[in-house]
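Nothing in this text is a laboratory measurement; each read-out follows from the coordinates by a stated rule. Fair warning: this is a prediction, and the values are worked out from it, not measured in the lab. All Cβ positions, even for glycine, are placed from backbone atoms using ideal geometry, and neighbour counts span all protein chains on display.
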Amino acid sequence: MNLLEIERKYLVNDSSYKQRAMCKVHIKQGYLSLSPTCTIRVRVWDDKGFITIKSNNQPDSIAHFEWEKELSLDEVAPLFSLCVSGIIEKNRWVVPLDDGLLCEVDEFMGANEGLVLAEVELEASDQLFQRPDFLGDEVTNDERYYNSYLSKHPFTTW
């Protein structure tokens with residue numbers, strides 16, 4: 001089991017990713033803990049539930065610890081009432097890239113409406129990949145674009 005997630009995050013320039021997407025899922029998530037050292041997230045991904053513990057990135061790092069466990073919908077549903085900040089809802093488009101990697105494009109809803117972010121998960125911090133045209137500015141280490149931050153400071157209030 002790999003407990004290290006390495007990813008780069010980008011703003012999205014246009015909607016051309018939709019033509020390349022292999023699927024679209026709806027995600028609802030909230031945070032049980034937002035400590036300075038880690039977050040604990042609950043999530044419903046279409047018809048599956050998850051609980052995730054993530055370490056916060058070190059400055060200028062794109063890698064962090066991530067542990068996730070699948071839960072039933074009955075197990076995860078009551079946990080949303082325990083969340084310490086706002087609930088995030090988004091549609092995620094999964095887009096295969098030319099070099100075999102996947103790009104996940106999130107279209108946010110509700111208080112984060114209008115924000116579209118993409119993440120590319122990598123196998124190594126220095127891994128290069130063929131960047132599609134729809135990826136805009138990189139915001140990997142800009143905490144304003146972390147979902148945990150958006151749950152407390154929605155995009156529409158910036």
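Could you give the length gained on full extension between Trp158 and Ser81, defined as 0.36 nm per residue of separation minus the Cα-Cα distance, in nm? Each step should come with its number before you reach the end.
Working: separation 77, 0.36 × 77 = 27.72 nm, distance 2.59 nm.
Stretched out fully, the Trp158 to Ser81 stretch lengthens by 25.1 nm.
Taking a quarter of the surface of the Cα convex hull of the chain, what do you get in nm²?
On the way: hull surface 37.0 nm².
Hull-based average projected area comes out at 9.2 nm².
For the chain, adding -39500 (n - 2.57) for each run of n ≥ 4 DSSP H residues and dividing by the number of residues yields -1500 deg cm²/dmol at 222 nm. Charge tally around Ile6: other residues with Cβ under 13 Å, Lys/Arg +1 each, Asp/Glu -1 each, net -4. Charge tally for Leu101 (other residues, Cβ to Cβ under 13 Å; Lys, Arg +1; Asp, Glu -1): -4. By the beta-carbon count within 10 Å of each Cβ, the least crowded to most crowded order of Trp158, Trp45, fewest first, is Trp158, Trp45.
Taking a straight Cα-Cα cut-off under 28 Å and skipping sequence neighbours fewer than 8 places away in the same chain, the lysines within cross-link reach of Lys69 are Lys9, Lys24, Lys28, Lys48, Lys54, Lys90, Lys152. Taking 17 Å as the cut-off, the amide N atoms of segment 58-97 that come nearer than this to a point 7 Å along the Cα-to-beta-carbon line of Asn141 belong to 58-65.
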